[in-house]
1. Taking H placed 1.01 Å from N in the peptide plane, check which residues at least 5 places from L181 or on another chain put their amide H under 5 Å from its amide H.
2. Once amide H atoms are placed 1.01 Å from N in the peptide plane, what residues at a sequence separation of 5 or more from V50, or on another chain, have their amide H within under 5 Å of its amide H?
3. Quick one: Karplus J couplings for the stretch 157-169, per residue in order, coefficients 6.51, -1.76, 1.60, θ = phi - 60°, nearest Hz, x for Gly and Pro?
4. Return the distance in nm (one decimal) between the two label points of a simple spin-label model at V37 and F137, each offset 7 Å from Cα along Cα→Cβ.
5. Charges on Cβ only, +1 for Lys and Arg, -1 for Asp and Glu, centred on the Cα centroid of the chain; of P192, S77, V144, which one is farthest towards the dipole's positive end?
6. Residue-wise, which Karplus ³J(HN,Hα) couplings in Hz belong to the stretch 206-221, taking 6.51 cos²θ - 1.76 cosθ + 1.60, θ = phi - 60°, and x for glycine or proline?
7. Measure nothing but the geometry: give the 0 to 90° angle between the long axis through the Cα atoms of 3-19 and the longest principal axis through the Cα atoms of the chain, rounded to 10°.
8. Under the rule of -39500 (n - 2.57) per DSSP H run of 4 or more residues, summed and divided by the residues of the chain, what mean residue ellipticity at 222 nm is obtained, to the nearest 500 deg cm²/dmol?
Amino acid sequence: MNWIAVKSIYIYEMTRFFRTLTQSFISPVLSTSLYFVVFGAAIGSRIQEVEGVSYASFIVPGLIMLSVITQGISNASFGIYFPKFIGTIFEMLSAPVSFLEIVMGYVGAAASKALFIGLVILGTAYLFVDFEIQHPFAMVGFLVLTCISFSLMGFIIGIWAGSFEQLQLVPLLIITPLVFLGGSFYSISMLPPVWQIISHFNPVVYLISGFRWSFFGAADVPIGLSLLAIAGFTALCLSVIWWIFKTGWRIRQ
């Protein structure tokens, strides 16, 4: 394992993150704060409790997941797309660096950024509502796994994208709707029976449900299914990335 290569890629990506601190950090935190004001105050005054938890507290895990998923995807996709766009990826591919080391560098940096933002938003939430985390270790575990899995997905999107417009296509048209329809701001049990069944085909439901369980001890789906879903999604992303580097799809073409 070439740890120097992994470290170099990781440090370069983290340095870029802190160079664009306003866009990378302040913007998502400010947006999430507005969600707390709009949903927590406006809607929360009309919906007192959901599953025995105040509505303002209930949406905290969903808002953290929303930010972590979108940031993990955007950071990883741009991180690998930009070297491909300017052509420096060919220098990396010709260097004595394996695909695993490249993935560890880019995905590790993207996951670290998403995790950092998620923890900051968690701290920001305490400024608006009072809540306790019943299972803190499980919360950190779900948060880290989500950061890694969706950073892997962002890496795939960055390889696939042929333009900056395509780079935003999947997050805007697919990921964001799935997150909003995945129980970020409501419980699946509040939906009509037909829509409850349909919602179980949304993979994000299992992530948000498991993450919310770590906060309040209540979940829309069994915790075991949530863990199985995120493990399966991570394995799928790793398999796709392995195939991409094996075939050179969208890299050497």
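Read-outs throughout are calculated quantities, based only on the coordinates presented, and are distinct from any laboratory measurement. Bear in mind that the values here come from a model prediction, so they are computed numbers and not experimental data. Here the Cβ is made from the backbone with ideal geometry for all residues, glycine too, and neighbour counts use every protein chain on show.
1. The answer is none.
2. Y55
3. These are the phi-based 3J(HN,Hα) values: 4, x, 5, 6, 4, x, 7, 5, 5, 5, 4, 9, 5 Hz.
4. If labels sit at V37 and F137, their model points lie 4.0 nm apart.
5. About the Cα centre, the residue reaching furthest to the positive side is S77.
6. Calculated HN-Hα couplings, in order: 5, 5, 5, 4, x, 5, 5, 4, 5, 7, 10, x, 10, 9, 7, 10 Hz.
7. So the helix axis and the longest Cα principal axis differ by about 60 degrees.
8. After summing the helix terms and dividing by residue count, I get -22000 deg cm²/dmol.
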